[in-house]
Amino acid sequence: MKKATVRIPYMNKRADENTQRLLRWIEDFVNVGDDPASYNRFVVNHPSFSPVEGWDDSSWTPKAHKLFLAYRDCLRRIWRRENPSPYQVEVAYLLGMADSDTGDCPWFLREAWDALGGKGLRTTWVAPVWNLGEFIYYWHTDFQHAVYLLFRDSWRARACERCSKCFLADKPAQRFCSSKCFGEAKQRRDLAYWRSRGAERRKKRRTGSRRITNRSQRRIPS
Ligand SMILES: [Zn+2]
């Protein structure tokens with residue numbers, strides 16, 4: 001086991017360097033493509049960022065690709081809020097609180113684990129602290145630590161309304177992953193307005209100016 005988590009105030013916390021790095025990595029993880037080349041690129045850049053314990057550079061074999069995708073899809077569903085239930089069993093798996101023996105284990109995780117012979121599966125530990133009336137979560141991997149950080153600030157997990165990419169919002173009102181997507185969405189909105197309500201207004205303006213012209217013509221003394 002590594003170290004116990006420190007209680008982090010819900011808002012207004014200044015993320016330290018490690019927190020920012022882990023959040024960046026989990027954002028990279030959730031956006032990795034389906035193809036083996038994307039998987040290879042990710043594991044070369046983040047060799048220690050594994051959902052299961054005891055993995056090193058050599059653990060990321062083509063066979064482990066299936067497990068990687070199973071965790072990525074699990075995380076994507078939570079990130080995109082595709083499951084409306086307030087209790088999401090998949091979060092327990094991402095945090096390592098449940099293993100393949102648990103009754104409600106998602107089939108895709110069980111299948112991926114079985115393919116690897118259950119390597120590195122050890123459940124994390126949540127310790128009750130009697131004097132504080134609190135629980136302390138002990139993580140095994142950087143991945144689990146990153147999921148925990150996200151769990152504490154889950155409002156930050158968003159899907160871009162323009163390109164669908166999963167991203168971490170800096171402000172509650174943020175709806176797009178980048179200024180590029182924001183700009184494109186604004187352009188589309190402006191164009192749609194120009195075509196619908198704008199056309200109506202232009203028509204009204206043209207009709208109005210014609211009426212004024214007709215009135216002024218009548219006023220001209222013969
Ligand atoms: Zn986007």
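The values are calculated or read from the model by the stated rules, or taken from the named source; none is laboratory data. What you see is a predicted model; the values in this text were computed from it and never measured. Positions of Cβ are backbone-derived with ideal geometry, glycine not excepted, and every protein chain shown enters the neighbour counts.
State all residues of region 46-61 that are more than 15 Å from H145 (Cα to Cα) and either surrounded by fewer than 19 Cβ atoms within 10 Å (Cβ to Cβ) or outside the structural domain of A146 (by TED's automatic domain parsing) (or both); if no residue qualifies, say none.
Result: P47, D56, D57, S58, S59, T61.
Restricting to region 50-59, count the residues that are in contact with a Ser or Thr (Cβ under 8 Å, 6 or more places away or on another chain) and assigned to a loop (DSSP other than H, G, I, E, B).
6
Suppose we filter region 156-197 for residues that are surrounded by 13 or more Cβ atoms within 10 Å (Cβ to Cβ) and away from the ligand (no atom under 15 Å from the Cβ); how many remain?
Qualifying residue count for the region: 1.
Is there a residue being assigned to a loop (DSSP other than H, G, I, E, B) and either surrounded by 13 or more Cβ atoms within 10 Å (Cβ to Cβ) or touching a Ser or Thr at 6+ places or on another chain (Cβ under 9 Å) (or both) anywhere in region 33-45? If you could, list the steps in order and put the result at the bottom.
Residues of region 33-45 that are assigned to a loop (DSSP other than H, G, I, E, B), as a first pass: 33-35.
Cutting the leftovers down to either surrounded by 13 or more Cβ atoms within 10 Å (Cβ to Cβ) or touching a Ser or Thr at 6+ places or on another chain (Cβ under 9 Å) (or both) gives us none.
Looking for residues that are assigned to a loop (DSSP other than H, G, I, E, B) and either surrounded by 13 or more Cβ atoms within 10 Å (Cβ to Cβ) or touching a Ser or Thr at 6+ places or on another chain (Cβ under 9 Å) (or both), one finds none in region 33-45, hence no.
Here's a check for you: in region 127-155, which residue that is of a type in the set (A, V, I, L, M) and surrounded by 14 or more Cβ atoms within 10 Å (Cβ to Cβ) is nearest to the ligand (Cβ to nearest atom)?
So in region 127-155, the residues of a type in the set (A, V, I, L, M) come out as 127, 129, 132, 136, 146-147, 149-150.
Then keep just the ones that are surrounded by 14 or more Cβ atoms within 10 Å (Cβ to Cβ); that gives 136, 146-147, 149-150.
Details: I136: 37, A146: 21, V147: 23, L149: 22, L150: 19 Å.
The qualifying residue nearest to the ligand (Cβ to nearest atom) is L150.
Quick check on E82: is it closer than 27 Å to D57 by Cα and free of Cβ contacts under 8 Å to residues at least 60 places away in the same chain?
When the stated conditions are applied, E82 does not pass them.
So which helices (runs of 4 or more DSSP H) are wholly in region 99-206 and hold at least 2 residues that are within 27 Å of F49 (Cα to Cα)?
107-115, 142-152
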